[in-house]
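A.B. asks: So that we are looking at the same thing, I have put the structure below in C-alpha cells.
The values are calculated or read from the model by the stated rules, or taken from the named source; none is laboratory data. Note that the structure is predicted; figures quoted are calculated from it, not measured. Don't worry about glycine lacking a Cβ; one is built from the backbone with ideal geometry, like all the others, and counts go over all protein chains shown. Heavy atoms of the whole protein, side chains included, go into the accessibility calculation; ligands, DNA and RNA do not. Shrake-Rupley method; radii C 1.70, N 1.55, O 1.52, S 1.80 Å.
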Amino acid sequence: MNKQKNSILINDTADVGIGTLIIFIAMVLVAAVAAAVLIQTSGILQQKAQQTGKEAATEVTSNLNFVSIIGNVNTTSKKVENFTVALQLSAGGQNIDFQSVVVKYIDSAVTDTMVYNSSISSDNLTSTMFNYTEQRYVGAAPNSVLQVGELGIITINTTTDLGLREKGLIEIIPESGTMVMKEIIAPSSWGTKNYAQLFP
C-alpha cells in the first residue's frame, strides 16, 4: 500500500508595504492613548484617595480636650448661672478658630445654641453667644485661634440655671473634626463656695 503524502504549504513571506506600516502605527497610537488615559485616571484616583484619607482622619480625630469646667454659683438662688470651660488641643490637633465654633448647652428643659461674640464681655452674655479668651497663649498676643500649647477659656450663660443634683451637657462643635461633649452633674451641696468645680 502506498502511503498518501500530504503536502503542507508554508507561507514564509511577510507582507510589507505602506498598508502594514499604517496598521502598525495605528496600533502604537491606540496603545499610547490607552496608556495615557490609564495614567491620568490613576493619578486622579490617587489624589482623591489622599484627600479623602486626610478628611476622614480629620473627622475622626478629636482636636479638643476639656481641662476643667467651673460653675459660677449665685449665692441667692443657689444655682449655677454661667460656666467657665477651659480647653486645650489634643496631641497632633489642628488649630481651631473659635469664630467658627458652635457651643451647645443641653439640660432637661432647654437647648441653648451659642456662637462666638467678641464685642461683649463675659458679664453681659446671653444664651445665644459665648465669649472666648486665652489664659495661656503662644505669640505676641492672644487671639481667637486655639493653637498647640495654648489654654483657651470659653464662658457661657445658659437659659436655665443648674441646680443641685441636676445634670447638663456641654457640646463644642468645631468647624472640622468631631464634636466633643462633657456631661456635668451638680453636687448635693455647694457649701460656702461661689465657684464650684464640675469637671474634673
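A.B. asks: Does anyone have the angle between helix 18-60 and the longest principal axis of the chain? Alpha-carbon axes, 0 to 90°, nearest 10?
C.D. replies: 10 degrees
A.B. asks: Would you please give the FRET efficiency between residue 91 and residue 126, computed as 1/(1 + (r/R0)^6) with r the Cβ-Cβ distance and R0 = 30 Å, to the nearest 0.05?
C.D. replies: Efficiency, rounded to the nearest 0.05: 0.30.
A.B. asks: Considering the Cα trace of the stretch 135-200, what is its radius of gyration and what is Dmax, both in angstroms?
C.D. replies: Cα radius of gyration and Dmax of the stretch 135-200 are 15.2, 43 Å respectively.
A.B. asks: Skip the ligands, DNA and RNA, and give the accessible area per residue of the stretch 80-199 with a 1.4 Å probe, whole Å².
C.D. replies: 51 Å²
A.B. asks: More than 28 angstrom separation, counting every C-alpha pair in the chain; what % is that?
C.D. replies: Everything past 28 Å amounts to 50 percent.
A.B. asks: Considering only protein heavy atoms and a probe of 1.4 Å, how much of the accessible area of the stretch 130-177 is carbon and sulfur, as a whole percent?
C.D. replies: 50 percent
A.B. asks: Here is a follow-up. So how do 116, 105, 195 rank on accessible area, 1.4 Å probe, biggest first, that is with the largest at the start?
C.D. replies: Largest accessible area first, the list is 195, 116, 105.
A.B. asks: What whole-number volume per residue, in cubic angstrom, does the convex hull of the C-alpha atoms of the stretch 43-143 give?
C.D. replies: So the per-residue Cα hull volume is 170 Å³.
A.B. asks: Principal axis lengths of the stretch 85-200 from Cα atoms, whole Å, largest first?
C.D. replies: In descending order, the Cα extents are 42, 28, 26 Å.
A.B. asks: For the chain, what does the relative contact order come out to in percent, with C-alpha contacts under 8 Å and a separation of six or more?
C.D. replies: Over the chain, the number comes to 23 percent.
A.B. asks: For the chain, what does -39500 (n - 2.57) per DSSP helix run (n ≥ 4), summed and divided by total residues, give at 222 nm, in deg cm²/dmol to the nearest 500?
C.D. replies: -8000 deg cm²/dmol
A.B. asks: Could you work out the pair-distance distribution P(r) of the stretch 84-126 from its alpha-carbon pairs, with 10 angstrom bin width and percents rounded to whole numbers?
C.D. replies: 19, 48, 28, 5
A.B. asks: Arrange the peptides 22-30, 173-181 so that the one whose residues have, on average, the most other Cβ atoms within 10 Å appears first.
C.D. replies: Put in order of decreasing packing, that is 173-181, 22-30.
A.B. asks: What distance in nm lies between label points placed 7 Å from Cα along the C-beta direction at residue 133 and residue 45?
C.D. replies: 5.5 nm
A.B. asks: Something else: Considering only 182, 48, 78, give the residue with the highest GNM mean-square fluctuation for the chain, with springs between Cα atoms whenever their separation is below 10 Å.
C.D. replies: Highest fluctuation among the options: 48.
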